[in-house]
1. Residues of segment 141-157 being of a type in the set (A, V, I, L, M), surrounded by 13 or more Cβ atoms within 10 Å (Cβ to Cβ) and more than 24 Å from Gly71 (Cα to Cα), which ones?
2. State which residue is surrounded by the most Cβ atoms within 10 Å (Cβ to Cβ) when the search covers only segment 110-140 and only residues that are closer than 15 Å to Asp153 by Cα and β-branched (Val, Ile, Thr).
3. Among the residues of segment 177-201, how many are out of contact with any Leu (no Cβ under 9 Å at 6 or more places or on another chain), surrounded by 10 or more Cβ atoms within 10 Å (Cβ to Cβ) and closer than 30 Å to Gly158 by Cα?
4. Please list, ordered by first then second residue, the pairs with beta carbon atoms under 8 Å, 6 or more apart or interchain, first in segment 164-179 and more than 23 Å from Arg121 (Cα to Cα), second open to solvent by 90 Å² or more (accessible area, probe 1.4 Å) and assigned to a helix (DSSP H, G or I).
5. Find the helices (runs of 4 or more DSSP H) located wholly in segment 98-201 whose residues include 3 or more that are farther than 21 Å from His82 by Cβ and among the basic types (Lys, Arg), and list them.
Amino acid sequence: MLGGRRQPRPGQLDPFKPHLDKRWAEGLTNAIQLHSELQSLGYRGSYQIISDYLRPGRRRRIRVVRPVLPGARQVTRWIMRHPDRLSEREDQQLTEILTRCPELAAAHRLVRGFAEILSTRTGQHLKDWVVSARAEGLPDLHSFATGLEKGWDAVVQGLTSRWNSGPVEGRVNHIEMIERRMFGRAKLPLLRKRVLLTAAR
């Protein structure tokens, strides 16, 4: 039409854009693979034309910020921490992770069960806990259960009675710390005096 606006001529890629958009939506974003596909469909243009057409879509994908998944150490801390000390967000994330991993859910259940026995001093339930631990395919907990069985009487007593050797062991550790600090710098009389003074505090 004279004096009218000239319509742009269709480019080489135009007939193939619906196919490109479909493949992009399906997750194929590699321009080299898409160029090969289009060639098999009759496309005779260059790879660069396809790359230029896909560039805005790549930029949009880069701008999408994906949530950072918690690492193994973080999940371990959540499992070992008392449930009341988890924030609402941490509890939600932990629940989602346990839902996706049955082995981790089993480990979480056993850890919480042992913590309950430990905090309530109900060592009479320890045998049931060991049986449950051995029923799961968790080698590390199997080893832990074996260690408990080696000193069974002492373990049950420690998880049942309110008496324990904690204060004595703490004092021994304190003395060893003083000895390491003073090693090679003082003789026994000074070490003895320092131990007695700190014990009196």
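The values are calculated or read from the model by the stated rules, or taken from the named source; none is laboratory data. Note that the structure is a prediction, hence the values are computed from the model and not measured. Cβ atoms come from the backbone with ideal geometry, glycine included; neighbour counts cover every protein chain shown. Surface accessibility is based on the protein's heavy atoms, side chains included, excluding ligands, DNA and RNA. Shrake-Rupley method; radii C 1.70, N 1.55, O 1.52, S 1.80 Å.
1. Within segment 141-157, Ala145, Leu148, Val155, Val156 qualify.
2. Among those that are closer than 15 Å to Asp153 by Cα and β-branched (Val, Ile, Thr), it is Val130.
3. 4
4. Listed pairs, sorted by first residue: Ile178/Arg194.
5. 166-182, 188-199
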